[in-house]
Amino acid sequence: MVRTDDAVVDEFFSRGGHTNNWAVLVCTSRFWFNYRHIANTLSVYRTVKRLGIPDSNIILMLADDVACNPRNVFPATVFNNAGRYLDLYGDNVEVDYRGYERLLSDDRSNILVYMTGHGGNEFLKFQDAEEISSFDLADAFEQMWEKQRYHEILFMIDTCQANTMYGQIYSPNILATGSSELGENSYSHHMDSDIGVAVIDRFTYYNLEFLEKIDMQSKSTLQDLFNSYDPALIHSTPGVRSDLFRRPLDKVLVTDFFGSVRNVELTGQQYNLSTSNAVHLSSFNEM
């Protein structure tokens, strides 16, 4: 069978070229009334773990002050829905907010960078004490590129005026998406009357609604994900910036960033287990 040029091109662009995946998940808020930002981040954390990225390749940054907050009527839990179907905190959450945690990525790493919190025009607040600007973010990505710390990056941000945070990025192979345009707020989806606060934001909620249908073998693309965005449901205008990214979005699998690459090495050599066992037993008997 002779392959067409189109088939070769499709295969080339559908291969990410990466050998490992990382996720950097950052909640920049603290305090009880920002419960939804913790839930946003833990929801994405659960998703990337479900799709195969191990804790060793995830940096999770949280204030971690919600689960055991004295106002939490369901101690040691965090939920992202009013029905409380799924405890996001669970038994296996590994919070990496300590200073010695490092991103050990390389030039074949695809990295998902997810951020949520309170922000404005080209800035994002960190725990109401400090700020990171769009220029800071752009320079951080450029340093990563110069040090060969990534192959491709998907930057996703859920905050007020989120899309202004990726306008200054200038490094190659970075794709960005955000929840709201300049002058727009990012809204919560719903609250839990028992907990007393909103439990998830709309942009993250609808991303998760799409991602929950994905498994590790899925052929869904990032274009499919972005096409699912509905401003009428999100109540703001989500954005996508792809001019720095080299691959067509309809060829980029969702799992290229939310999933994991598993290296499998095949060998043609065969092993006769029964013979091998006999040799070991013979050697043992002679001892």
Inset, instruction - Provide Rg and Dmax in Å for the range 10-286, with only Cα atoms included in the calculation. - result: 21.2, 82
Legend entry - Contour excess over end-to-end distance, with Cα ends at A232 and D55 and 0.36 nm allotted per residue: 60.2 nm
Legend entry - Zone of D106's modelled label, taken as backbone nitrogen in the range 44-79 under 20 Å from a point 7 Å along Cα→Cβ: 53-59
Inset, instruction - Calculate one ³J(HN,Hα) per residue across the range 214-225 by plugging θ = phi - 60° into the Karplus curve 6.51 cos²θ - 1.76 cosθ + 1.60, and present them in order as whole Hz with x for glycine and proline. - result: 9, 10, 5, 9, 5, 9, 5, 10, 5, 5, 4, 4
Legend entry - Distance between the range 127-155 and the range 33-95 - C-alpha centres, whole angstrom: 24 Å
Inset, instruction - Tell me the label-point distance for the pair R71, R84, using the 7 Å Cα-to-Cβ offset, in nm and rounded to one decimal. - result: 1.7 nm
Inset, instruction - Over the residues of the range 48-120, compute the C-alpha Rg and express it relative to 2.2 N^0.38 Å. - result: 1.30
Legend entry - Long-range amide H partners of E131 with built H, under 5 Å: F126
Legend entry - Derived scalar couplings ³J(HN,Hα) [the range 145-156; Karplus, 6.51 cos²θ - 1.76 cosθ + 1.60; whole Hz; x for Gly, Pro]: 5, 5, 8, 6, 9, 7, 9, 9, 10, 10, 9, 10
Inset, instruction - With the cut-off at 22 Å, report for the range 50-193 the share of all Cα pairs above it, as a whole percent. - result: 50 percent
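Throughout, read-outs are computed from the coordinates displayed, never taken from laboratory work. Everything quoted here is computed from the prediction, not taken from an experiment. Neighbour counts are summed over all protein chains in view; Cβ atoms, including those assigned to glycine, are modelled from backbone coordinates with ideal geometry.
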